[in-house]
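All remarks here apply to the structure that follows.
Only the coordinates and a few stated rules stand behind these numbers; no lab work does. What you are looking at is a predicted structure, and each value in this text was computed from that prediction instead of being measured. As a convention, Cβ positions derive from the backbone with ideal geometry for all residues, glycine included, and neighbour counts pool all protein chains shown.
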Amino acid sequence: MDDEEPITEVIKTYIECIDPNINVRTFNDPLEAKRFIMKNALDVLITDYKMPRCDGLQLIEAAAPSVKKILVSGYISEIAEERLHKLNATYFEKPVPLRALAKIIAEQQVATE
């Protein structure tokens, strides 16, 4: 989830190149993403922090405890590390570290098999 479509497309393309069997859903509207998160099972949630109408922490809070949560932002210094820790979220500063994301996704796939 990112409010900038080029970012979601790059992440989606990268993940699908690593493993074409992974089902990737992208959203550029945080409220649409939140509705999806609340109604569907997820393995991994990757979200930006600063977005209009709903921030990434609100999306993370809406996800089930079993979901691997990843917050990517250019504003990490604004986010309290303690809150991210309580939400069991991994965080990275932009630009998006694609290799690190791929490693986390692969680990989550093994964990959910």
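Quick notes on this structure:
- Computed [θ] at 222 nm, deg cm²/dmol, the chain (DSSP H ≥ 4; -39,500 (n - 2.57); rounded to nearest 500): -13500 deg cm²/dmol
- Cα-based shape type of region 54-113, given that a ≥ b ≥ c are square roots of the gyration tensor eigenvalues and the cut on a/c is 1.5: oblate
- Cα-centre dipole for the chain with unit charges at Cβ (Lys and Arg positive, Asp and Glu negative), debye to 20: 260 debye
- For region 5-112, the number of Lys pairs separated by eight or more positions or lying on different chains, with C-alpha atoms closer than 20 Å, is 23.
- Net length gained if the chain between E4 and S66 were fully extended (0.36 nm per residue, minus Cα distance): 19.7 nm
- Positive dipole terminus of the chain, leading residue within I60, L71, P95 (C-beta point charges): I60
- Length-normalised contact order of region 5-112 in % [C-alpha pairs under 8 Å, at least 6 apart]: 22 percent
- Taking amide hydrogens as placed 1.01 Å from N in the peptide plane, the amide H of V72 sits under 5 Å from those of T47, D48, Y49, F92, each at least 5 positions away in sequence or on another chain.
- Residue-by-residue Karplus 3J(HN,Hα) for region 31-43, coefficients 6.51, -1.76, 1.60, Hz, glycine and proline x: 6, 5, 4, 4, 4, 5, 4, 6, 10, 10, 7, 10, 9
- With 0.36 nm allotted per residue and the present C-alpha distance subtracted, the E82-A41 stretch has 12.2 nm of extension available.
- Calculated SAXS-style log₁₀ I(q)/I(0) at q = 0.20 Å⁻¹ - the chain, Debye, Cα scatterers: -1.13
- Residue of D48, D19, D29 that the Gaussian network model of the chain assigns the largest fluctuation, springs spanning Cα pairs under 10 Å: D19
- What the phi angles of region 17-24 give under the Karplus curve with 6.51, -1.76 and 1.60, with θ = phi - 60°, is a coupling list of 6, 5, 8, x, 7, 7, 8, 10 Hz, glycine and proline written as x.
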